[in-house]
1. Which condition number does A:ILE41 fail, the rest of (1) of a type in the set (A, V, I, L, M, F, W, C); (2) modelled with pLDDT of 95 or more; (3) part of a loop (DSSP other than H, G, I, E, B) being met?
2. What number goes with the only condition from (1) over 14 Å from the mean Cα position of the chain (by Cα); (2) at pLDDT 95 or above; (3) surrounded by 12 or more Cβ atoms within 10 Å (Cβ to Cβ) that A:ALA16 does not pass?
3. Spot the failing condition for B:ILE41; the list is (1) crowded, with 16+ Cβ neighbours inside 10 Å; (2) within 11 Å of chain A (Cβ to nearest Cβ); (3) outside any loop (DSSP other than H, G, I, E, B); (4) under 25 Å from the mean Cα position of the chain (by Cα), and only one is missed.
4. Out of segment A:98-139, which residues are within 14 Å of another protein chain (Cβ to nearest Cβ) and not in a helix (DSSP H, G or I)?
5. Going through segment B:36-78 one residue at a time, which ones are among the small types (Gly, Ala, Ser), without any contact (Cβ under 8 Å) to a residue 24 or more places away in the chain and under 21 Å from A:VAL39 (Cβ atoms)?
6. Scan segment B:94-106 and give yes if some residue there is free of Cβ contacts under 8 Å to residues at least 12 places away in the same chain, within 14 Å of another protein chain (Cβ to nearest Cβ) and in contact with a Lys or Arg (Cβ under 9 Å, 6 or more places away or on another chain), otherwise no.
7. Identify the residue in segment A:83-131 that is hydroxyl-bearing (Ser, Thr, Tyr) and within 29 Å of B:ALA63 (Cβ to Cβ) and, among all such residues, is surrounded by the fewest Cβ atoms within 10 Å (Cβ to Cβ).
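The values are calculated or read from the model by the stated rules, or taken from the named source; none is laboratory data. All values derive from a computational prediction rather than experimental measurement. Reconstructed Cβ throughout: ideal geometry from the backbone, glycine too, with neighbour counts over all protein chains shown.
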Amino acid sequence: MRLSFVLPIVFFASLAALFGVYLYQIGPGGKDIKQIPSVLIDKELPAFKLPPIVGRKDGLNTADLKGKAALVNVFASWCPPCRTEHPGLMLLAKEGFTLYGINYKDKPEDALEFLATLGDPFKRIGADLKGRAAIEWGVYGYPESFIIDRSGRIRYKHIGPIMPRDLEMTIRPLLEKFSK
Amino acid sequence: MKTLAILMVLLCAFTFVGPAIAVEPHEILKDSVLEARAREISKVLRCLVCQNQSIDDSNAGLARDLRLIVRERLTAGDSDDAVIQFVTKRYGDFVLLKPPFKSSTYLLWGGPAAFLLFGFGALIVAFRRRRAAQPFDTAPLTDDEIRRLENLSSGDQGGAS
């Protein structure tokens, strides 16, 4: 067969295959292209310093996070998916994992009520009233969770609520891995 | 007729009204030069919540926070590039509405031109081949056909000469 006949067919077949692969990746159960991969993965923890929620005594800053693998969760009482994932966070805390909270643009009384009603899985919570710390962490949707290792690096970012499946498949295994 | 003309003019005037600006009055800097720079920077930064609007156009809370950060950095004396870098360091290249030209995006930027060149190349090759090939690659006329053709062209059959 002549080359000029075969070449276009091969060319278009390979293009179609390439498009097919990408389409398959975003297909049902595939990756969500709206999720933006974090550039902070494997980087040092961002510098931030947050006061406690008014009425508490903890607060959260970069130094608090060092030395232990942990999950850092950005949440707000006004965020429905945050309520959805909360039982999962409670479970992780019960299992002995360390969790820290960044309370994003919340009214203190609302945040306190949220924790009183649904439980408090966090070792420390910082109140990010202006949303500046969230920007340091590259947060753009709520909730978001970060897994950090003991050397003080961000190792994984989860965007959106941690559903039971996420908890079993990625979050808990990663926390276990970095806790070792 | 005159009222119609006026109506048309008015209609045209309203069509050219730009999109509403999301920047709120209290955000605007007193220094108009800095403010102009802030507006230009805000136009190239993507709002990550809506994803297809710049932070200059978006009303989302995060877009507002980023607009304020842009203005803060400028007031603190940062260059335009430094401000943009501040944001990309936290949100990645995706925050830029126009992807940067670097090794991971060569294919993205060069792809269309490469395809065009490839197409032209293929066209030129095809034309050359066609010209080089025998113009008429058909069987020669038989003796009988030649005789009939000669009869026709000699005009004996009563056709117009």
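1. Among (1) of a type in the set (A, V, I, L, M, F, W, C); (2) modelled with pLDDT of 95 or more; (3) part of a loop (DSSP other than H, G, I, E, B), the lone unmet condition for A:ILE41 is (2).
2. Evaluating A:ALA16 over (1) over 14 Å from the mean Cα position of the chain (by Cα); (2) at pLDDT 95 or above; (3) surrounded by 12 or more Cβ atoms within 10 Å (Cβ to Cβ) leaves (3) as the failure.
3. (2)
4. A:TYR104, A:LYS105, A:ASP106, A:ASP128, A:LEU129, A:LYS130, A:GLY131, A:TRP137, A:GLY138, A:VAL139 - these are the residues of segment A:98-139 that are within 14 Å of another protein chain (Cβ to nearest Cβ) and not in a helix (DSSP H, G or I).
5. Of everything in segment B:36-78, just one residue is among the small types (Gly, Ala, Ser), without any contact (Cβ under 8 Å) to a residue 24 or more places away in the chain and under 21 Å from A:VAL39 (Cβ atoms), namely B:ALA60.
6. Among the residues of segment B:94-106, not one is free of Cβ contacts under 8 Å to residues at least 12 places away in the same chain, within 14 Å of another protein chain (Cβ to nearest Cβ) and in contact with a Lys or Arg (Cβ under 9 Å, 6 or more places away or on another chain), which makes the answer no.
7. Looking at the filtered set, the residue picked out is A:THR84.
Rundown of residues vs (1) among the aliphatic types (A, V, I, L, M); (2) within 14 Å of chain B (Cβ to nearest Cβ); (3) more than 23 Å from A:LYS105 (Cα to Cα), yes/no style:
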site	(1), (2), (3)
A:PRO8	no, yes, yes
A:SER14	no, yes, yes
A:TYR24	no, no, yes
A:ILE36	yes, yes, no
A:ALA47	yes, yes, no
A:VAL54	yes, no, no
A:ASP58	no, no, no
A:ALA63	yes, no, no
